[in-house]
1. For region A:17-212, take every pair of Cα atoms, bin their distances at 10 Å starting from 0, and report each bin as a whole percent.
2. Computed FRET efficiency, Cβ-Cβ of A:T135 and A:R508, R0 41 Å: what is it to the nearest 0.05?
3. What base-10 log of the normalised intensity I(q)/I(0) is obtained for region A:262-442 from the Debye formula, alpha carbons as equal point scatterers, at q = 0.10 Å⁻¹?
4. Considering the zone a paramagnetic label at B:R260 would reach in this model (a point 7 Å from Cα along the Cα-to-Cβ line), which residues of region B:34-58 have amide N under 11 Å from it?
5. Give me the residues in region A:383-400 whose solvent-accessible area, probe 1.4 Å, is reduced by at least 40 Å² once all protein chains are included instead of the chain isolated.
6. Does region B:390-451 come out rounded, prolate or oblate by the C-alpha gyration tensor, with a ≥ b ≥ c the root eigenvalues, rounded set by a/c under 1.5 and, if not, prolate when a/b is larger than b/c and oblate if not?
7. Comparing the chain by itself with all protein chains present, which residues of region B:216-246 are at least 50 Å² less accessible (probe 1.4 Å)?
8. Considering the rotational relationship between chains A and B, which residue of chain A contributes the beta-carbon of minimal distance to the axis, and what is that distance to the nearest Å?
Protein chains: 2
Amino acid sequence: MDGMIRCSANYVPLSPISFLERSAIVYRDRLSIVYGNVRYTWRQTLERCTKLACSITQLGISRGDVVAVLAPNIPAMYELHFAVPMSGAVLCTLNIRHDSAMVSVLLKHSEAKFFFVDHQFLHIAQGAIDILSKTRVDVPLIVLIPESDQPTYNSNYNIDSFINFEYENLIDKGRLEFEVRRPKDELDPISLNYTSGTTSSPKGVVYSHRGAFLNSLATVLLNEMSSMPVYLWSVPMFHCNGWCLTWGVAAQGGTNVCLRNVTAKSIFDNVSQHKVTHMGGAPTVLNMIINAPTGDQRPLPNKVMVMTGAAPPPPEVLYKMERLGFNVVHSYGLTETYGPGTVCFWKPEWDSLPRDAQAKIKSRQGVHHLGLEELDIKDPLTMKSVPPDAKTIGEVMFRGNTVMNGYLKDLKATKEVFKGGWFRSGDLGVKHPDGYIELKDRSKDIIISGGENISTIEVEAVLFSHPAVLEAAVVGRPDDYWGETPCAFVKLKEGYSATVEDIIQFCRNRLPHYMAPTTVVFEDLPKTSTGKTQKYVLREKAKAMGSLSKKTSRL
Amino acid sequence: MDGMIRCSANYVPLSPISFLERSAIVYRDRLSIVYGNVRYTWRQTLERCTKLACSITQLGISRGDVVAVLAPNIPAMYELHFAVPMSGAVLCTLNIRHDSAMVSVLLKHSEAKFFFVDHQFLHIAQGAIDILSKTRVDVPLIVLIPESDQPTYNSNYNIDSFINFEYENLIDKGRLEFEVRRPKDELDPISLNYTSGTTSSPKGVVYSHRGAFLNSLATVLLNEMSSMPVYLWSVPMFHCNGWCLTWGVAAQGGTNVCLRNVTAKSIFDNVSQHKVTHMGGAPTVLNMIINAPTGDQRPLPNKVMVMTGAAPPPPEVLYKMERLGFNVVHSYGLTETYGPGTVCFWKPEWDSLPRDAQAKIKSRQGVHHLGLEELDIKDPLTMKSVPPDAKTIGEVMFRGNTVMNGYLKDLKATKEVFKGGWFRSGDLGVKHPDGYIELKDRSKDIIISGGENISTIEVEAVLFSHPAVLEAAVVGRPDDYWGETPCAFVKLKEGYSATVEDIIQFCRNRLPHYMAPTTVVFEDLPKTSTGKTQKYVLREKAKAMGSLSKKTSRL
């Protein structure tokens, strides 16, 4: 069409940086961050981030450089989500459960130029740097993040040896007049997230400014987050950038209640004190809440929306959360989809269903959010959609602007996972007649026993409904006759007891017999930092047990 | 960064078409449209729009062609907002107050290939086609839209002469398997909006798919519109595509309550019957509501959010609306900013201010929404920002993704209005210390009297607070001595009376004397269809009066 112009008046690359700049005007004197005695307003947050971006730019950060951080959900961690992109760099948040060896691998792979380290994790960082120094790899500059209410050097740190800068000092030295380096193209990278590793080989997932902008707004909308929410940081910010709500809370001018340690007591205390409206948590966090000692519980000041994900929440857990006054929104996604990609959007007509039916529906992964284009369950070979019959299992696939740019330095893996023009999640699921999807398993988790597919998620849901069971995970145990049979790892609640026979019988009463576990092991479950059970560890254990026998009764 | 791929898995041009496709899954059996006895679900709306897009494509519509429509807020008007873009074409909604001559000018300028006409406006269309036929311009194909509950040909229409197709018939003929023509580039045009004409030369403002997507979500957020709103169509859809809520309501799976005639009774009836949660209206609509006869009023079933704009709502009007139970959100923008661009975002601390102070704050235009990048008040010559002193007047300027692509076939005007990399609104305003902007006038509306700038908006606000005044507009009357003096056109409420002297004295008691009107005329105000007073008409009248005298007392 004639008469059109594209210029700075009508085109700006989408970026979450805009959220902060706007909130510093619209919500300027409202609290942006609360952490112990530390309080910042949105205007202060913009100022601090601008100065920090200025400092690291002056110290040599260029567009596209990686800045790594190892820190829990403290104010600095939040600020880095803006300051690093404002310097044109890419934020790489590392999992605080990693050991020095893993951290050194990721620093090397990402070629991080700066490494911000919370004082609590200095020893991990020091170990990683030691490893790197020995391998002649360029070592990043280390920035110490002291405890926020003690913003000074502490002589306990052995700063001479490997710390180059101190966090508050960098902020002090920055200039407010710094011209923010906006992305030149909205597909420029904003962050790098290493997958948390239910397998052992982490991949570097790259997010763009555009995707981050869109997923933030989509996540805000799926949480029904109106303006000025109070958000409790029980989800690690290093996990998909806090499910994109680091940026999303800025978009809505909310208050970020930071939290170093996530415990039931700290959750209840903060919810009560700051009138938290929204929070998030993997099922482990929900478990922590519903099993909190009475002394740690506080009455909720208002309805609290809890977005859960990472694993399908067992009906029992959902039910108990709602009884405590939490409103659980079940969302699903992967690191590759910027965290949340679907939501089990609740239909009002479901309110009148029996509690059990409600919980069952709520454990579905649901429908795609406004940032994605399509969600489907497909046959991974033919790419045909499975029928919406709630039975036919296929692979969960996504398509849209909130799917990653790719895996850093791994074009082969990127091509593989985008083959056919869809992102292949590796998760298996079914589609219900109403279009909602339900996960059945990771493709590698599913148990094939005597030619039958057994969804470990379904077996786990039954285990969770057992009154003595706190946590459960099911994997396949090799079997000479059946191929595999279900093996359950179970952690019991404190003060409860159960026998192997109890558990097996309980399952046989509620499931087709071939789906009931034939082996039950009582022990603590190995977890990733985001609360996912490390099934590959359990699979190794089950493998080591060997075949149960050729005579396993399935009847 | 290495390893990245851009493909259909992770990049889709942003378009509101996605909202409809998603809602047909997520909200499939929920009501999308209600109009008299007509009811559609979101699944049906997608089906109808797909089939309509198919039909017009088969009839020869190509990408980028213009499809015009002349219709009030009926279901077909809503459907065309999706069906036309889904065919790759550009929707041009015409003002139903236009006469045949104006319609013929716009059909010619836009080169519309199809022209959808509501049965009520056939005579206007017929007149326009007659004019076009005489000038050897290609005449568009005419599609008759019958009343929705009588979807058949009516022999009263002289169909032989100029009607080519009938709306429901086109839908019937379309195929569901039609492959929707998504935009190739998200900056492709989606709609063409002729400015409604407070001046006499309309311009064709072009919106893009990207801008429409972003402004829809921003408007949803500024209205605090959670999922499944019930939206009453009191704002014409031909005005900035219904302030982008045609698309926005689809994003949230809401119900569109359509309305052929906007009257106080129809508003109250529909709000009550359908439990409306959101609506919009220029101050004329608010006026209609607060002055409704008691017999036409109904108690509100719930809080109703009303987005108002087009002109700053007088404090009196705001106050009375709130008393009736409406929650008024004041938004501001221009056709060039896709309608809403700012919002007077309400701060909780203002709740404790006296009512008058509250109303005064609420009449500010506020801060930019999440779709825009920057809003500023600048000196149009130097492009310097004015100080935030609530006093220095400058031009309101915008920058961001929700600013139009340009004026159709008028590169000169586009360049002019984007000069300096900002969209120059032509509106004059000030910036308050808290960053909120307040309009003082259109640059051509401001009165300059004895070297003093007089904001006609301020004078009008005082006039509105007079108990007998229903509507008021102030323009400059030429004056040999002062240059101009304020001249007020006033419409009194039914059953009330006031004299010229009353009005002048009332203003002199509340304003600096030089700002008080020296002339008062009692009469109905000429309006555009969107409720804006046509000040250029009044200016002509005031001009015709000639100079009041050289001795006008200003003291």
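1. 9, 36, 38, 15, 2, 0
2. Plugging the Cβ-Cβ distance into 1/(1 + (r/R0)^6) gives 0.15.
3. These q points yield log10 I(q)/I(0) values of -0.45.
4. Those under the cut-off are B:36-37.
5. Listed by number, the residues meeting the 40 Å² cut-off are A:R399.
6. It is oblate, given that a/c is not under 1.5 and a/b is not larger than b/c.
7. B:L217, B:L221, B:E224
8. With distances in whole Å, chain A gives A:L217, 3.
The values are calculated or read from the model by the stated rules, or taken from the named source; none is laboratory data. Please read these numbers as outputs of a predicted model, since none were measured by experiment. For neighbour counting, all protein chains shown are included, and Cβ atoms are generated from backbone atoms with ideal geometry for every residue, glycine included. Surface areas here come from the heavy atoms of the whole protein model, side chains and all, with no ligands, DNA or RNA. Shrake-Rupley method; radii C 1.70, N 1.55, O 1.52, S 1.80 Å.
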